[in-house]
Amino acid sequence: MRRLTRRLRGWGGVSAMAAACAVTAAVLLPLAQAAPEDGPPAAVRPPGSVAAVPRAPWTLTDTCPDPEASLRPSAGDGPTIERIRKAGKLVAGVDQNSFAWGYRNPVDGRLDGFDIALVRAIAKDILGDENAVIYRAIPTNQRIPALQEGRVDVVVRTMTINCKRLEDVAFSTAYFEAGQQVLAPKGSPITGYDASLKDRRICTAAGSTAETALKAQAYGAVPVSVPNQLDCLVRLQLGEVDGIITDNALAAGQAAQDPSVRLVGSPFTREFYGVAMHKGAPDLVRRVNKVLEDYRAGGGGSPWMQAYARHLGPVLPGVAGPPAPKYRD
């Protein structure tokens with residue numbers, strides 16, 4: 001009990017744990033039941049710091065050239081754009097339990113975060129109204145099926161672009177750079193993504209690149225897979241796992257929520273987040289890339305930097321700007 005009390009201190013005790021579990025349960029509802037919106041720790045390294053980190057060995061199976069390269073931007077219309085306009089709403093698959101990225105703001109209960117700001121920018125461009133969105137909360141491992149089955153138009157959910165996923169969905173240009181890293185309790189003997197993981201229970205979200213990495217190189221760890229990233233943090237606080245592997249950009253928000261945990265070691269991959277869309281929607285891909293082109297424009301005063309300053313700056317300082325876009329046509 002003393003161990004559990006220590007772990008929960010950063011979340012405000014048992015009441016905060018109950019709230020965290022409630023949020024996780026809400027995310028696991030079927031997509032049709034997901035309600036539309038009504039109305040730095042020192043150990044955290046910003047994504048820019050992983051620039052010199054090579055791709056990890058498990059990514060060498062990515063044989064497609066330049067996976068982050070996307071279709072050139074266009075403000076033109078097409079069948080997918082027309083369908084969205086006719087529906088009058090953009091249906092977006094998002095997270096609602098990742099602090100600073102996609103989460104329920106405790107002040108007003110509305111969805112908020114860096115990813116949510118980007119969804120609103122896309123809706124404003126296509127429909128002329130940033131609030132013309134139906135948000136559907138989806139687990140990590142449902143991001144691709146939700147697109148393939150037509151349950152959402154876009155997925156904006158800290159989704160890494162890679163060759164394997166490009167077989168199933170299309171991506172925009174990259175809008176954020178992060179890196180995989182290990183999150184562990186302060187005082188833990190775990191030192192990073194290395195031999196210190198041996199015999200330790202290490203948690204990852206199902207369908208995530210962290211899960212892929214751990215399957216390829218476990219260092220003797222005991223893998224634990226859960227539907228959502230927050231489930232890993234809850235299990236860590238309950239003492240059911242010893243560490244977590246996730247994007248350091250996501251972990252920064254978790255460390256801000258719970259000061260009893262910290263990032264250890266260095267980022268061991270480079271991860272580029274993109275907006276995911278159906279493979280048969282090139283008009284939407286080009287349109288989203290046009291939105292991103294405008295979103296990056298303006299230097300320090302760009303909409304991208306404004307969203308970063310509001311949502312990510314307090315927990316992930318030192319990011320100079322978005323990754324440069326790459327195009328393949």
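The values are calculated or read from the model by the stated rules, or taken from the named source; none is laboratory data. The shown structure was predicted, so the numbers you read here are calculated from the model rather than taken from an experiment. Cβ atoms come from the backbone with ideal geometry, glycine included; neighbour counts cover every protein chain shown. Each accessible area value is taken on the protein alone, full model and side chains, heavy atoms only, with ligands, DNA and RNA left out. Shrake-Rupley method; radii C 1.70, N 1.55, O 1.52, S 1.80 Å.
For K290, a cut-off of 23 angstrom between C-alpha atoms picks up these lysines, skipping any fewer than 8 places away in its own chain: K86, K89, K124, K279, K326.
Taking every protein chain into account, the 1.4 Å probe leaves K326 with about 80 Å² of accessible area, to the nearest ten. The calculated P(r) of segment 206-329, using every Cα pair and 5 Å bins from 0, goes 2, 8, 15, 18, 17, 15, 13, 8, 4, 0 in percent.
I'd like the carbon and sulfur percentage of the solvent accessible area for segment 117-253, probe radius 1.4 Å, heavy atoms only, ligands and nucleic acids excluded. C and S fraction of accessible area: 46 percent. With every protein chain present, what accessible area does V234 have (1.4 Å probe, heavy atoms only), rounded to the nearest 10 Å²? Only protein atoms counted, so the area is about 10 Å².
When only the heavy atoms of the protein chains count and the probe is 1.4 Å, how do R310, R136 rank by accessible area, highest first?
R310, R136
All other residues whose Cβ lies under 13 angstrom from that of Y273 are scored, Lys and Arg at +1 and Asp and Glu at -1, for a net of -2. The Stokes-Einstein estimate for segment 250-306, based on a Kirkwood radius over Cα pairs and taken at 10 °C with 1.306 mPa s viscosity, is a diffusion coefficient of 108 µm²/s. Computed with a 1.4 Å probe over protein heavy atoms only, the accessible area of E82 comes to about 90 Å². For the pair R110 and A320 in one chain, pulling the backbone fully straight at 0.36 nm per residue adds 72.8 nm over the alpha carbon distance.
Of the two radii for segment 118-225, the radius of gyration is 1.07 times the Kirkwood radius, both from the alpha carbons; that is the Rg over Rh value. Taking a straight line from the alpha carbon of K164, these aspartates and glutamates sit under 17 Å away, with near neighbours fewer than eight places off in the same chain left out: D62, D66, E68, E211, E271.
Dipole of segment 192-290 computed with +1 at Lys/Arg Cβ and -1 at Asp/Glu Cβ about the Cα centre; of A276, V288, A213, farthest Cα towards the positive end is V288.
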